[in-house]
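Structure first, commentary second.
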Amino acid sequence: MKLVTAVIKPFKLDDVREALSEIGVQGVTVTEVKGFGRQKGHTELYRGAEYVVDFLPKVKIEIAIGDDMLDRVLEAISKAANTGKIGDGKIFVVDLQQAIRIRTGETGTDAV
């Protein structure tokens, strides 16, 4: 099993969710986060005062999947979240040793 974590622009969340639903992904966890990468934030003007926004709003998506779904999930997220501009985000994949469905006690890929 794998845990796929994607950090994307907030306005791309619906596109990514739809793309994942189309390939059969059933469970997704979404968290609103802030961060920066190469773009290092930007300067904004508010009520005549200029200030620096260091951390930009992002959305973190976490998906636990079986190994057989990995390539399709990565492709779906990459295509749906891509704008072609800096700050599109990143996808991280880590091995998931165990998953347990609390309600039924199912383990492994059955729990996902």
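On a 0 to 90 degree scale, rounded to 10, what angle separates helix 70-81 from the longest Cα axis of the chain? Approximately 30 degrees, to the nearest ten.
Within the listed set Ile65, Ile102, Ile77, the residue fluctuating most in the Gaussian network model of the chain (springs between alpha-carbon atoms under 10 angstrom) is Ile102.
Across Ala49, Ala19, Ala81, mean-square fluctuation computed from a Gaussian network of the chain (C-alpha pairs under 10 Å connected) peaks at Ala49. Relative to the dominant Cα principal axis of the chain, helix 13-22 is inclined by about 20°. Pick out, from Gly27, Thr83, Gly108, the residue whose Cα sits farthest towards the positive end of the charge dipole of region 13-112, with +1 on the Cβ of Lys and Arg and -1 on the Cβ of Asp and Glu. It is Thr83, whose Cα lies furthest towards the positive end. Near Val7: Cβ cut-off under 14 Å, other residues only, Lys/Arg at +1 and Asp/Glu at -1. The net charge is +4. Note on the chain: with charges restricted to the Cβ of Lys and Arg (+1) and Asp and Glu (-1), its dipole about the Cα centre is near 440 debye.
Take the chain with all the other protein chains still there, run a 1.4 Å probe, and you get 69 Å² of accessible area per residue.
Normalised by the number of residues in the chain, the average gap of Cα pairs under 8 Å and 6 or more apart makes the relative contact order 42 percent. Label zone of Asp95 (point 7 Å out along Cα→Cβ, amide N under 14 Å): in region 52-78 this covers 67.
The figure for Phe11 is an accessible area of roughly 140 square angstrom, using a 1.4 Å probe on the protein chains alone.
Think of it as helices only: each DSSP H run of n ≥ 4 in the chain is worth -39500 (n - 2.57), and spread over all residues that comes to -6000 deg cm²/dmol at 222 nm. Which log10 I(q)/I(0) values does the chain give at q = 0.15 Å⁻¹ under the Debye formula, counting every alpha carbon as one identical point scatterer? Each listed q corresponds, in turn, to -0.70.
The values are calculated or read from the model by the stated rules, or taken from the named source; none is laboratory data. Please read these numbers as outputs of a predicted model, since none were measured by experiment. Here the Cβ is made from the backbone with ideal geometry for all residues, glycine too, and neighbour counts use every protein chain on show. Surface accessibility is based on the protein's heavy atoms, side chains included, excluding ligands, DNA and RNA. Shrake-Rupley method; radii C 1.70, N 1.55, O 1.52, S 1.80 Å.
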